[in-house]
Amino acid sequence: SGALSGLFAAGLFYLAFSRLHLKRIIENTPTSKIRSIAMGRVEVHGTARRQYALISPMTHIACIYYRLTRYKRNQKNHWVVSSIISSGHVPFWLEDETGRVSIDPRSADVNAGHRQESFSEDSVAFGGFSSSDEKWVEEIIHDGALVYVLGEARVNQATQIPRSQRR
């Protein structure tokens, strides 16, 4: 019992210091306008716009990001995640009054602004089968939503013009 309590305390200690570290990073990174982004760690905010015609699978809403999580009940009647589908590989534009920049959300921690739940009656449309032991949760960021981004800025090599062709 003492070892379990010690392990739990160590986990909380680690979690607290990792949150404190993230807080310090956010505090020490100045917010930039898109036109004046420097390479490296950057903090920007603005309006999210779709680069591609992305539609959320459950609510069929135009969005820049979605995460669809499927839950099933276990033997103890608790909801357990059985699958997650995400648009995390689809880039989007972030715009402010000075310009726009492409955002690649791969491996990002995303806090979506809108959440919708659907239970088993609606799950047939998503390739599931009707069961009272199943629910879906869709989280989306709408096209046109205000978004805050903290990440690494770098030049996209695919769109960079070779030096010999510049004027």
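The values are calculated or read from the model by the stated rules, or taken from the named source; none is laboratory data. Here the structure is a predicted model, which is why all the values come from computation and not from measurement. Here Cβ is always computed from backbone atoms with ideal geometry, including for glycine, and neighbour counts include all displayed protein chains. Accessible surface areas use protein heavy atoms only, side chains included; no ligands, DNA or RNA. Shrake-Rupley method; radii C 1.70, N 1.55, O 1.52, S 1.80 Å.
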- Say we look at region 24-53 and pick out the residues that are in a helix (DSSP H, G or I) and not hydrophobic (A, V, I, L, M, F, W, C); which of these is nearest to Asp96 (Cα to Cα)? Arg35
- Looking across region 23-65 at residues that are small (Gly, Ala, Ser) and within 15 Å of Leu150 (Cβ to Cβ), the single one that is most open to solvent (accessible area, probe 1.4 Å) is Ala38
- Item | Considering residues of region 66-81 that are open to solvent by less than 60 Å² (accessible area, probe 1.4 Å) and touching a residue at least 40 places away in the same chain (Cβ under 8 Å) only, the residue farthest from Val137 (Cα to Cα) | Tyr66
- Item | Matching residues in region 86-99 - criterion: being more than 15 Å from the chain's Cα centre (by Cα) and either surrounded by 15 or more Cβ atoms within 10 Å (Cβ to Cβ) or in a loop (DSSP other than H, G, I, E, B) (or both) | Glu95, Asp96, Glu97, Thr98
- Cβ pairs under 7 Å, 6+ apart or interchain, first in region 92-115 and in contact (Cβ under 8 Å) with a residue 60 or more places away in the chain, second in a loop (DSSP other than H, G, I, E, B), ordered by first then second residue, are Asp96/Lys33; Thr98/Lys33; Val101/Ile37
- Item | Of residues in region 134-156 being at pLDDT 85 or above and not in a strand (DSSP E or B), the one surrounded by the most Cβ atoms within 10 Å (Cβ to Cβ) | Asp143
